[in-house]
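The structure appears below as structure tokens.
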Amino acid sequence: MANNNRILVPEARPALNQLKQDVMQAKGYQVDDPDGAKFEIAEELGIPLTRGYNGKLTAEQAGKIGGPIGGNMVKEMIKLAQQQLAQK
């Protein structure tokens, strides 16, 4: 899987990783590191995700793994932005 996600502010990486971990823990996943959620989701779905090369995964399989993670992160970021706007 090619990683085409580029963060515009590289210094934000630790905060985004923490957000990912917090969001997935809130959804009931037992993750110790930010990437742990994808392995737990893949296992639940019966998708053979391994550390390292996963070039044999289909786009559909990859989407089933990454979709819940990214989708929940976006929902949380929107909620945080709405709270900040409400405070102003």
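Net charge dipole, the chain: roughly 320 debye, given to the nearest 20, about the Cα centre with Cβ charges of +1 for Lys and Arg and -1 for Asp and Glu. Considering only Gly52, Val23, Ala86, the residue lying farthest towards the positive end of the dipole of the stretch 15-88 is Ala86, judged by Cα position with unit charges set on Cβ.
Once all protein chains are placed together, Leu16 keeps about 50 Å² accessible to a 1.4 angstrom probe. Only helical runs count toward this figure. For the chain, summing -39,500 (n - 2.57) over DSSP H runs of n ≥ 4 and dividing by all residues gives -20500 deg cm²/dmol at 222 nm. The phi torsions of the stretch 79-85, fed into the Karplus equation with coefficients 6.51, -1.76 and 1.60 and a -60° offset, translate into couplings of 4, 5, 5, 5, 5, 5, 5 Hz, rounded to whole numbers, with Gly and Pro shown as x.
Each residue of the stretch 1-87 gets 114 Å³ once the volume of the Cα convex hull is shared out per residue.
The values are calculated or read from the model by the stated rules, or taken from the named source; none is laboratory data. A quick note: this is a predicted structure, and the numbers were derived from the prediction, not measured. Counting neighbours? That spans all protein chains shown, and the Cβs are built from the backbone with ideal geometry, glycine included. The accessibility values were calculated without ligands, DNA or RNA, using every heavy atom of the protein model including side chains. Shrake-Rupley method; radii C 1.70, N 1.55, O 1.52, S 1.80 Å.
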